[in-house]
Amino acid sequence: MFLTERKDPEELLYYQALSRRRGLDKKSEEHLWRLRRGAAGERTYDLLFDEAGHSNLYVFRDLYLLIEGSVTQYDTLIVSESGITVNEIKNFSGDYRVEGTTWYRGDYALPDDALSQLRRAVGKLVRLKRAVSFDFEVSGKLVFPHEEFRVSGGEEALFQHFVLRYAMRSYFRSFENEYSGASASELADVIERHIVPNPYFKLRVEFDMVRHGLYCGGCGSFRLEKQSFHHLCLSCGSRESNETHLVRAISDFKYLFGDLEMTSRRMMGFTGGAVNVRTLQRILNKYCDAAGRYKSSNYIFKYYDFTEAMKKEQNTRKYKDYLN
């Protein structure tokens with residue numbers, strides 16, 4: 001069973017919001033593309049794992065573990081009575097070759113060796129085993145979910161660590177005979193005790209350095225016409241409720257400005273005064289927790305991002321959206 005939810009990386013949410021509200025240079029555009037590709041590969045992985053079934057396993061996704069004073073990120077940890085299997089997901093596409101420990105795409109040498117990353121991740125869990133005095137086996141695989149990924153070169157033993165797209169279903173089915181008993185449950189508890197928030201996300205932009213206002217969730221245009229309870233996009237014809245627009249702005253604020261306090265005054269400025277203050281205050285109270293000296297001076301978004309908020313609050317929303 002999936003014990004943790006896989007969410008879009010914070011870095012991806014930052015660059016997506018920045019792309020809408022300021023634009024990106026070429027290097028940042030390429031980085032955003034890689035982040036999106038990585039997230040797409042993880043969704044493919046989860047879909048195929050779901051199809052194969054995992055009710056007999058404990059599966060942790062997208063987590064950070066604090067081990068011996070340092071934090072390591074893991075795409076997936078599969079826990080059973082046999083121990084922990086690390087799956088590092090690499091959504092590479094195209095032709096790659098391996099020479100020694102160096103990976104190449106064409107003539108370009110990749111700065112990171114994927115197999116070394118996997119070995120470091122496995123090694124950290126071996127250290128965890130020693131630290132908690134609880135014996136368990138640790139193994140790992142590099143999983144490549146893209147159908148257009150091809151790799152050549154390297155020693156034959158290298159490929160024992162790979163799971164390519166065509167083999168993913170059979171790989172997941174190889175866990176059918178595993179089970180989760182008392183030992184697996186205790187091991188899952190050990191992992192849960194070491195989970196920490198992502199300590200590496202430090203990106204932020206100055207409040208006045210991005211475009212303020214609301215934008216269409218369909219095409220991204222800021223050309224909106226205010227209606228009674230919606231905003232109409234004059235570029236693509238989509239209609240989204242005031243609530244949807246404001247929650248998207250709250251999520252953008254969270255990921256763009258770091259520790260900057262979210263006040264109703266700042267949100268009025270950030271949304272370009274697109275709604276009246278009573279509507280804004282109602283949405284802030286619904287989707288945020290009040291903080292500060294008088295419990296009303298600033299707000300903290302209750303949800304991870306816009307997508308989670310829309311999903312969790314879908315039954316409480318009065319007005320629908322109409323995206324073209």
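The values are calculated or read from the model by the stated rules, or taken from the named source; none is laboratory data. Predicted, not measured: the structure shown is a model, and the values here were computed from it. Counting neighbours? That spans all protein chains shown, and the Cβs are built from the backbone with ideal geometry, glycine included. Heads up: the accessible areas ignore ligands, DNA and RNA and are worked out on the full protein's heavy atoms, side chains in. Shrake-Rupley method; radii C 1.70, N 1.55, O 1.52, S 1.80 Å.
Write down the Å³ per residue value for the convex hull defined by the alpha carbon atoms of region 65-117. All intermediate terms of the calculation are to be shown ahead of the outcome.
Values: hull volume 6.7 nm³, N = 53.
In region 65-117, the Cα convex hull volume per residue is 127 Å³.
When DSSP assigns beta bridges and you keep just the ones with both residues in the chain, what percent turn out antiparallel, to the nearest 5?
On the way: 34 of 49 bridges.
Antiparallel: roughly 70 percent of the beta bridges in the chain.
Could you pull out the trypsin sites (Lys or Arg not before Pro) across region 161-235 that fall in loop regions by DSSP (anything but H, G, I, E, B) with no more than 16 other Cβ atoms inside 10 Å? Filter output for region 161-235: LYS202, ARG204, ARG211, ARG223.
Over 36 Å, how big is the tail of the calculated P(r) for the chain, in percent of all Cα pairs?
Details: 16546 of 52326 pairs.
Of the Cα pairs, 32 percent sit more than 36 Å apart.
Accessible surface for LYS312 stands near 120 Å², nearest 10, in the context of the full protein assembly shown (1.4 Å probe). Backbone geometry of region 212-217 corresponds, through the Karplus equation with coefficients 6.51, -1.76 and 1.60 at θ = phi - 60°, to 3J(HN,Hα) couplings of 9, x, 10, 9, 5, x Hz, x marking Gly and Pro.
Against the empirical 2.2 N^0.38 Å (N residues), region 84-179 has a Cα radius of gyration ratio of 1.19.
Applying the Karplus relation 6.51 cos²θ - 1.76 cosθ + 1.60 with θ = phi - 60° to region 26-37 yields 3J(HN,Hα) values of 4, 4, 5, 4, 5, 5, 4, 4, 5, 5, 5, 5 Hz, where x marks Gly and Pro. Amide H contacts of GLY154 (H built 1.01 Å from N, in plane; Pro and chain starts excluded): VAL98, GLY100 sit under 5 Å, all sequence-distant by 5 or more or on other chains.
Within straight-line reach of LYS124, meaning a Cα separation under 26 Å, sit the following lysines at least 8 residues removed in sequence or on another chain: LYS7, LYS90, LYS141, LYS202. Ellipsoid semi-axes for region 186-291, based on the Cα gyration tensor and the rule √(5λ), read 31, 16, 15 Å when sorted largest first.
Rounded to the nearest 500 deg cm²/dmol, what is the calculated helix-only ellipticity per residue at 222 nm for the chain, with -39500 (n - 2.57) per DSSP H run of length n ≥ 4?
On the way: 9 runs with 116 residues, N = 324.
Rounded to the nearest 500, the figure is -11500 deg cm²/dmol.
For region 68-83, putting each phi into the Karplus relation 6.51 cos²θ - 1.76 cosθ + 1.60 with θ = phi - 60° gives couplings of 6, x, 10, 10, 10, 8, 10, 6, 8, 10, 10, 10, 8, 5, 7, x Hz, in residue order, rounded to whole numbers and with x for Gly and Pro.
As a fraction of the 1.4 Å probe accessible area of the chain, surface on carbon and sulfur atoms comes out at 47 percent. Hull volume per residue, based on the alpha-carbon atoms of region 1-135 and their convex hull, is 152 Å³.
Sites counted here are chymotrypsin sites (Phe, Trp or Tyr not before Pro) in a DSSP loop (not H, G, I, E or B) having no more than 14 other Cβ atoms within 10 Å; the longest part of the chain that contains none of them is 1-133.
Excluding ligands, DNA and RNA, what is the solvent-accessible area per residue of region 221-279 at a probe of 1.4 Å, expressed in Å²? Don't skip to the end; give the middle numbers.
Numbers: 2530 Å² over 59 residues.
So region 221-279 comes to 43 Å² accessible per residue, rounded to a whole number.
Can you give me the accessible area per residue for region 7-141, using a 1.4 Å probe, in Å²? Walk me through the intermediate numbers first.
Numbers: 6430 Å² over 135 residues.
Normalised by residue count, the accessible surface of region 7-141 is 48 Å².
The alpha carbon convex hull volume per residue for region 12-56 rounds to 68 Å³.
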